[in-house]
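Just so it is clear, none of the values below were taken in a lab; they were calculated from the coordinates. Note that the structure is a prediction, hence the values are computed from the model and not measured. So basically every Cβ, Gly included, is an ideal-geometry build from the backbone, and we count neighbours across all protein chains shown.
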Amino acid sequence: MIWIFNSTPLIYLNKVGLSQIFELLEGDKIIPLKVYEEVITQGKLRGDADALISEELIAKEVIKIVRVETEFKEMLKGLKDELHEGELEVLALAKAKSGVAILDDGIAREVGKVFKIDVHGTLFIIFRMLKKGVLKKEEAREKVNSMIRKGFRLGHSEYLEFIDLVESI
């Protein structure tokens, strides 16, 4: 399994102390160069602690940086008004490597589905760790609540759906 992360999942999982998820998640974890620039280069300039955590995961080779050079990226350039460069690169890498794109933007996820890319978000990763026993129900709820307090955008119905999923385990 190859996991390709966009900025938001990387930032918020690290903001709430869930960086171990990246080490426990089976398979390769990669980010495109644009996501590295958004999360680490710009994050360090802002003084974001999560940027240092992400940088450490890269130094430990838990997450690898990949340059995106695919024809599919060129095809997606027509969507640059709707999607950020990082989202375009995540989708292009996921398509090229038959990987799973982990991004939270609704439009980006819809574009991924149109192009038959396996797309999921941050809550999917948290739920996966809950099912594996890495997280307990209460911890999963607390971490998502903490993410929301720190600026993670999540619709009311999505939140309730997540809570229902957590309770179903």
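Can you tell me the order of 17-24, 46-53 when each peptide is scored by its average per-residue count of other Cβ atoms within 10 angstrom, highest first? Mind showing how you got there, number by number?
Working: 17-24: 17.0, 46-53: 14.9.
For the peptides 17-24, 46-53, the packing ranking is 17-24, 46-53.
At an R0 of 25 angstrom, the distance between the Cβ atoms of Leu33 and Val62 translates into a FRET efficiency of 0.90. The label-point distance for Tyr159 and Arg128, in a model that sets each label 7 Å from Cα toward Cβ, rounds to 2.5 nm. Extent of region 1-64 along its three principal axes (Cα atoms, max minus min coordinate, largest first): 32, 23, 19 Å.
Here the spin labels are modelled as points 7 Å beyond Cα on the Cα-Cβ line, and at Glu82 and Gln20 they lie 4.0 nm apart. Considering helices alone, the calculated mean residue ellipticity of the chain at 222 nm is -16000 deg cm²/dmol, with DSSP H runs of length four and up weighted by -39500 (n - 2.57) and normalised per residue. Charged side chains reduced to their Cβ positions (Lys and Arg at +1, Asp and Glu at -1) give the chain a dipole of some 240 debye around its Cα centre. Judged by the mean number of other Cβ atoms found within 10 Å, the most tightly packed of the peptides 82-90, 98-106 leads the ranking 82-90, 98-106.
Projected onto its three principal axes, the C-alpha set of the chain covers 43, 34, 28 Å, listed from the longest axis down. Report the paramagnetic label zone for Asn145: residues of region 5-41 whose backbone N is under 20 Å from a point 7 Å from Cα along the Cα-to-Cβ axis. 12-19, by backbone N distance to the label point.
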